[in-house]
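The values are calculated or read from the model by the stated rules, or taken from the named source; none is laboratory data. Since this is a predicted model, take the numbers as computed values, not measurements. Heads up, the Cβs are rebuilt from the backbone with ideal geometry, glycines too, and the neighbour counts pull from every protein chain shown. We work out accessible area using only protein heavy atoms, side chains counted, and drop any ligands, DNA or RNA first. Shrake-Rupley method; radii C 1.70, N 1.55, O 1.52, S 1.80 Å.
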Amino acid sequence: MSNCAIVGINWGDEGKGRMVDLLTEEYDVVIRYQGGGNAGHTVINECGKFALHLLPSGVFRKGVMNVLGNGVALDMENLWNEIVSVSSQGVPITPDNLIISERASLLLPWHRELDGLEEARLADKKYGSTKQGIAPFYADKYQKKTILAGELFYPERLKEHVKDLAEWKNLTLTRVYGAEAWTEERLLDWFREYGEKIKPFIGNTGKYLSDAMSNGKNMLFEAQLGSLRDLDFGICPYTTSSNTIAAYAPIGAGVPAAKIDKVIGVVKAYSTCVGEGPFTCEWFGEEAEKLREAGFEYGAKTGRPRRVGPIDIVATRYGIEVQGATSIALTKLDVLSYMDKIPVCARYEVNGQKTDEFPFPALLPQAKPVMIELPGWKCDISGARKWEDLPENARNYVEYIEKNIGCRIGYVSVGPERDSIIYR
Ligand code: GDP
């Protein structure tokens with residue numbers, strides 16, 4: 001038995017979905033343990049091209065069970081739309097390959113609405129929400145103003161609970177934001193519409209997973225976003241509202257006693273960031289445009305152009321530390337093939353002092369990148385499948401990063417397809 005977490009080391013969008021899709025071959029169960037449909041994992045394989053938001057990336061492998069743990073933000077409406085969309089592309093999603101924790105809290109339509117209302121109130125001070133209701137959802141969960149998925153099986157209790165919550169939430173909607181109140185009937189209609197569709201998938205995932213552990217099954221924990229978006233260890237307040245780090249995986253999955261044997265951290269060969277907040281190595285203008293186009297850096301969920309820049313060794317080393325990564329998958333190396341010289345943000349300078357430490361969030365806006373350049377390779381490497389197939393300068397770039405981030409790079413990805421990978 002071996003348990004592995006696949007996590008993002010930076011701002012997210014590192015290519016975790018692609019790595020989970022590849023590595024599920026060795027695992028029996030894939031579990032999403034945090035977050036909601038606010039990000040997107042793009043997966044390209046023999047079934048086609050998919051943008052997954054909440055579904056675990058193990059859905060493409062026959063015989064793999066996929067689990068949405070208690071730690072996720074369960075938006076039944078969006079999940080159902082995703083199930084329909086993926087199924088219509090020829091990948092059936094049924095209770096035979098997806099179980100949802102009865103302890104997962106439900107993201108309700110007013111959470112999405114509240115995100116929009118709060119962003120409008122913040123105006124130019126906004127944090128860059130994807131307006132999927134994630135922050136209001138987790139705030140309510142921690143206030144225990146939440147409905148658990150398993151309550152769908154107790155209609156009388158659910159009705160009472162919905163009534164109480166609507167009374168409470170309408171105070172905020174109407175008095176704080178001047179918005180329209182949700183009637184109990186309208187909410188119950190929503191529950192009737194989506195609850196019935198999602199109910200067959202709901203079960204006791206805690207029991208399922210501890211049985212799986214006892215039977216020696218291999219479990220893969222799939223994270224969303226990356227270290228720098230972690231609620232506790234990320235760049236506050238530009239974080240998400242859940243813990244993206246591997247240490248949270250057993251809790252959010254529903255097997256708090258599980259031991260994680262391997263943590264594979266996914267790092268892109270350059271940096272990207274969606275949304276607001278400090279991004280020390282950011283490029284602007286033409287060079288940014290070129291890199292964005294080369295890597296097709298547009299949000300899977302929102303279509304927003306991603307902010308781009310060279311790889312940031314300081315942020316990456318920090319991200320690896322908080323994840324406890326045991327090996328690294330370096331993705332999108334092929335994207336850098338057009339560059340004569342490959343810039344690397346090797347250190348930061350903060351208030352005139354050079355540093356290798358990732359600064360406290362309040363100091364981060366003052367950090368300036370200290371850049372070095374490595375020679376480029378200027379040829380197509382997307383067909384490389386062995387380490388020796390890579391040109392020397394590409395190997396030198398990977399080795400330079402490995403040495404400076406202090407973690408073994410075990411996989412180098414040179415294309416989005418499942419087999420565009422070099423094992424080291
Ligand atoms: P995730 O949220 O971490 O799974 O990342 P995204 O799916 O948002 O972004 C990764 C994007 O890069 C997807 O469109 C992938 O298909 C693509 N991708 C992943 N690995 C590679 C690679 O090695 N090379 C290229 N060119 N594209 C890649």
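Annotations
- Considering residues of the range 143-165 that are closer than 25 Å to THR240 by Cα and surrounded by 16 or more Cβ atoms within 10 Å (Cβ to Cβ) only, the residue modelled with the lowest pLDDT: THR146
- From the options PRO359, PRO343, residue that is more than 16 Å from the ligand (Cβ to nearest atom), assigned by TED's automatic domain parsing to the domain that holds GLY275 and in contact with an Asp or Glu (Cβ under 6 Å, 6 or more places away or on another chain): PRO343
- Scanning the range 372-424 for residues that are within 15 Å of the ligand (Cβ to nearest atom) and assigned to a strand (DSSP E or B) yields a total of 9.
- Screening the candidates LEU220, LEU209, LEU228, LEU187 for the property of being assigned to a helix (DSSP H, G or I) and within 20 Å of GLY40 (Cβ to Cβ) yields one hit, LEU228.
- Listed conditions (1) within 17 Å of the chain's Cα centre (by Cα); (2) in a helix (DSSP H, G or I); (3) charged (D, E, K, R) are all met by GLU276, apart from (2).
- Of all the numbered requirements in (1) surrounded by 12 or more Cβ atoms within 10 Å (Cβ to Cβ); (2) in a helix (DSSP H, G or I), ALA179 misses one, and that requirement is (2).
- You will find that of ASP140, ASP115, ASP124, the residue that is modelled with pLDDT under 95, open to solvent by less than 20 Å² (accessible area, probe 1.4 Å) and assigned to a helix (DSSP H, G or I) is ASP115 and no other.
- Cross-chain or 6+ apart pairs with Cβ under 6 Å, the range 9-29 first and under 11 Å from PHE60 (Cα atoms), then among the small types (Gly, Ala, Ser) and more than 8 Å from the ligand (Cβ to nearest atom): THR24/GLY58
- Those strands (runs of 3 or more DSSP E) of the range 9-66 in which at least 2 residues are closer than 17 Å to PHE296 by Cβ, near the ligand (Cβ under 10 Å from one of its atoms) and open to solvent by 10 Å² or more (accessible area, probe 1.4 Å), considering only elements entirely within it, cover 41-45, 48-52.
- Scoring CYS345 on the criteria (1) more than 19 Å from the chain's Cα centre (by Cα); (2) surrounded by fewer than 22 Cβ atoms within 10 Å (Cβ to Cβ); (3) not in a loop (DSSP other than H, G, I, E, B) leaves a single failure, condition (2).
- Taking residues in the range 270-299 that are away from the ligand (no atom under 16 Å from the Cβ) and at pLDDT below 95, and partners anywhere that are open to solvent by less than 30 Å² (accessible area, probe 1.4 Å) and assigned to a loop (DSSP other than H, G, I, E, B), the pairs with Cβ atoms closer than 6 Å and at least 6 places apart or on different chains are GLU276/GLY128; GLY277/ILE235.
- Whichever residue in the range 291-333 is small (Gly, Ala, Ser) and assigned to a helix (DSSP H, G or I) and, among such residues, is most open to solvent (accessible area, probe 1.4 Å): ALA294
- Taking the criterion of being touching a residue at least 60 places away in the same chain (Cβ under 8 Å), surrounded by 21 or more Cβ atoms within 10 Å (Cβ to Cβ) and out of contact with any Lys or Arg (no Cβ under 9 Å at 6 or more places or on another chain), the residues of the range 243-257 that qualify are ASN243, ILE245, ALA246, TYR248, ALA249.
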